[in-house]
Amino acid sequence: MSVQRGLEILSITINDLDELHRSYMPFIINGGLFIPTKNTYPLNYELFILLRLMDHPERISINGKVIWITPGNSENYRVQGVGIQLYNDTNSTIKFKIEDFLSGHLNCIQATYTM
């Protein structure tokens, strides 16, 4: 499976714990983030993300590839966007940071963008 390299940079801000819970994809190897977007990307497309997490003062740089696509006309009125698998070698810190923010919420039954 090849990765399509993109030059796309997405800047996203997650301001609260509920939004982080809806966006985080713990079932993906190395972790993943769902990013609501009207842009369309093919599977395995590589993206560069600048993420601002709640009260964290700096943007976090993340490399990842598209592994999930929710189209605009999806069933159950799901939010359109893409799920990004975080690359292990550069993003293990962000996975732990997200899971630290979400401690106690990872097993929550609240619906997410993907499941």
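Restricting attention to the stretch 34-71, and to residues there that are hydroxyl-bearing (Ser, Thr, Tyr) and in a strand (DSSP E or B), which single residue is nearest to Arg22 (Cα to Cα)? Per the criteria, the residue is Thr70. On the given criteria, is Ile35 modelled with pLDDT of 85 or more, of a type outside the set (D, E, K, R) and surrounded by 17 or more Cβ atoms within 10 Å (Cβ to Cβ)? Judged against the criteria, Ile35 is a match. For Thr13, the conditions (1) among the β-branched types (Val, Ile, Thr); (2) surrounded by 14 or more Cβ atoms within 10 Å (Cβ to Cβ); (3) at pLDDT 90 or above all hold with the exception of (2).
The set of residues in the stretch 63-115 being modelled with pLDDT of 70 or more and β-branched (Val, Ile, Thr) consists of Val66, Ile67, Ile69, Thr70, Val79, Val82, Ile84, Thr93, Ile94, Ile98. Residue selection: Leu20 satisfies the criterion of being assigned to a helix (DSSP H, G or I), within 19 Å of Ser103 (Cβ to Cβ) and touching a strand residue (DSSP E or B) at 6+ places or on another chain (Cβ under 7 Å).
The values are calculated or read from the model by the stated rules, or taken from the named source; none is laboratory data. Note that the structure is predicted; figures quoted are calculated from it, not measured. Note that we place each Cβ from the backbone using ideal geometry, even for glycine, and neighbour counts take in every protein chain shown.
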